[in-house]
C-alpha cells in the first residue's frame, strides 16, 4: 500500500541513493507530518477542554510542536538537496542532520514545559472528567501516532535518514504517552483518584527520553563516527579483488550528509611493479568505488618490498610481537634498512581507539621485545590510530 502512495508522489521512488529522490522522501514525510499533527492538535485540544485534564492539553501542544518539527524536517530536506556551490563544495547534506538536531531540541523543550505544568497540577490538583467523545479522540490519536511511527521508520530505513528515524521515535513515544494519559483518566473516572498531574509528569519523562535519544542519533554524524562495518568490509573486498594491491590501511570516510561521502585509503603495492601500471589500476579502483558506493575516493599508493625473505620474516616477527602485547594491534608500511651494526625496522603501529594501553608504553614495550630478540634491531615506530571499527 505504501509503495502505491510513494509511486504517486515520488517519481523513481526506488532510486533511494539519488539525492533528489531522498529530498522528495523528506519533503513528503514532512508534509504528511504537518497535516496529521495539526489534526491531532485540534482534536486533543478539544478533548483537553472537555476533560479539564492538563495532561491531555499538554499532549495536544506536544502534537503542535510535532507539526513544527515536521516543518523543520521538510525545510531541512529541501536545503540538504541543494547542489554544491563555490562556498559549499561538498554540498549541503549536513543540513539534514542539523534539522534532526533541531527536531530533537524542540522535543526536549516540550518535555521540560510539560514537566513544569504537571508539577503545578500535582501541587494544585483539579478534577477531571472523561467523556465518550474525548476518549474516542484519544484512541484515534494513539492509532494515528502508531501509524506515523511505522511510516517514518519505514521511510527512514529506505533512505537511511536519522531525521526520519528520530521522528519515528518521537511518534512512538507520543502514542505511549497518550495511552498513559487515557489509562489515567479512566482510573480517575472510576476511582476519583487525581492522577492527572502525575501522569503528565510521566508523559514529560517519555518525551524527554525520546528527545535525548533522537539528539544523540543526529549529533553523532555531525561529530563524526566510525563508518558502517559492513560497508568497510565491502570496500576492502572490492579493493583487494585487484591482485596488484597486497594490503590496505588508514581507511578514512568523511560524511558530508547522506549520499555525500569522501574516503581516503592507503593501498600497498609491490615496490617492483611498474608505477604507470599501478597508477592505472588505482584510478580504476577509485572509479569502481564511486559507482558502487556513491563515494568520492582518493587512494594513496604505498610501495612495499615483496619476495624478500628477510623482510617477510621480520615483518611476521614484528606483527606477532605486537599481537603479544595486545591481540588487536597491527602493523603496516614495514620496511628495513640494513647497516653494518644495526638493522632499522621501520613501520607504522596501529593502536585502535578501544585499546586502552598508553601508546608510548606500547611503543616502548615493542621496542624492548625486538631488542631482546636481537640487539642489532633498531625500531623506528610511528603510532597510527584506526578510523574504522
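The values are calculated or read from the model by the stated rules, or taken from the named source; none is laboratory data. Fair warning: this is a prediction, and the values are worked out from it, not measured in the lab. Quick reminder, even Gly has a Cβ in these numbers, built from the backbone with ideal geometry, and neighbours come from all protein chains shown.
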Query - Matching entry among 276, 262 (being loosely packed, with under 15 Cβ neighbours inside 10 Å, in a helix (DSSP H, G or I) and not assigned by TED's automatic domain parsing to the domain that holds residue 18) - result: 276
Report summary line: If we keep only residues of segment 34-57 that are closer than 15 Å to residue 177 by Cβ and more than 37 Å from the chain's Cα centre (by Cα), then the residue modelled with the highest pLDDT is 47
Requested in this report: Among the residues of segment 231-250, count how many are within 18 Å of residue 278 (Cβ to Cβ) and in contact with a strand residue (DSSP E or B) (Cβ under 8 Å, 6 or more places away or on another chain).
Outcome: 9
Requested in this report: State all residues of segment 250-279 that are over 17 Å from residue 98 (Cα atoms) and touching a residue at least 60 places away in the same chain (Cβ under 8 Å); if no residue qualifies, say none.
Outcome: 250, 251, 252, 253, 262, 266, 268
Query - Test: residue in segment 217-238 that is in a helix (DSSP H, G or I), over 27 Å from residue 93 (Cα atoms) and either within 25 Å of the chain's Cα centre (by Cα) or in the same structural domain as residue 47 (by TED's automatic domain parsing) (or both) - result: yes
Report task. Hey, can you tell me all the residues within segment 124-142 that are touching a residue at least 12 places away in the same chain (Cβ under 8 Å) and in a helix (DSSP H, G or I)? Result -> 133, 134, 135, 137, 138, 139, 140, 141, 142
**Report entry** Residue that is farthest from residue 19 (Cα to Cα) [pool: residues in segment 76-105 that are surrounded by fewer than 17 Cβ atoms within 10 Å (Cβ to Cβ) and either outside the structural domain of residue 23 (by TED's automatic domain parsing) or in contact (Cβ under 8 Å) with a residue 40 or more places away in the chain (or both)]
**Finding:** 105
Query raised in the report: Hey, residue 300 hits all of (1) at pLDDT 90 or above; (2) buried (at least 20 other Cβ atoms within 10 Å of the Cβ); (3) within 30 Å of residue 223 (Cβ to Cβ) but one; which does it fall short on?
Result: (2)
Query raised in the report: Given segment 1-116, what helices (runs of 4 or more DSSP H) lie entirely inside it while holding 2 or more residues that are under 30 Å from residue 130 (Cβ atoms)?
Result: 19-51, 54-80
Report summary line: Scanning segment 280-297 for residues that are in contact (Cβ under 8 Å) with a residue 60 or more places away in the chain and either farther than 18 Å from residue 233 by Cα or part of a helix (DSSP H, G or I) (or both) gives 293
Query raised in the report: If you check every pair at least six apart or on different chains, which have Cβ atoms under 8 Å apart with a residue in segment 351-379 that is farther than 30 Å from residue 226 by Cα first and a residue that is assigned to a loop (DSSP other than H, G, I, E, B) second?
Result: 376/341; 376/342; 377/342; 378/342
Query raised in the report: Looking at segment 110-117, is at least one residue crowded, with 23+ Cβ neighbours inside 10 Å, in the same structural domain as residue 36 (by TED's automatic domain parsing), more than 18 Å from residue 170 (Cβ to Cβ) and in contact with a helix residue (DSSP H, G or I) (Cβ under 7 Å, 6 or more places away or on another chain)?
Result: no
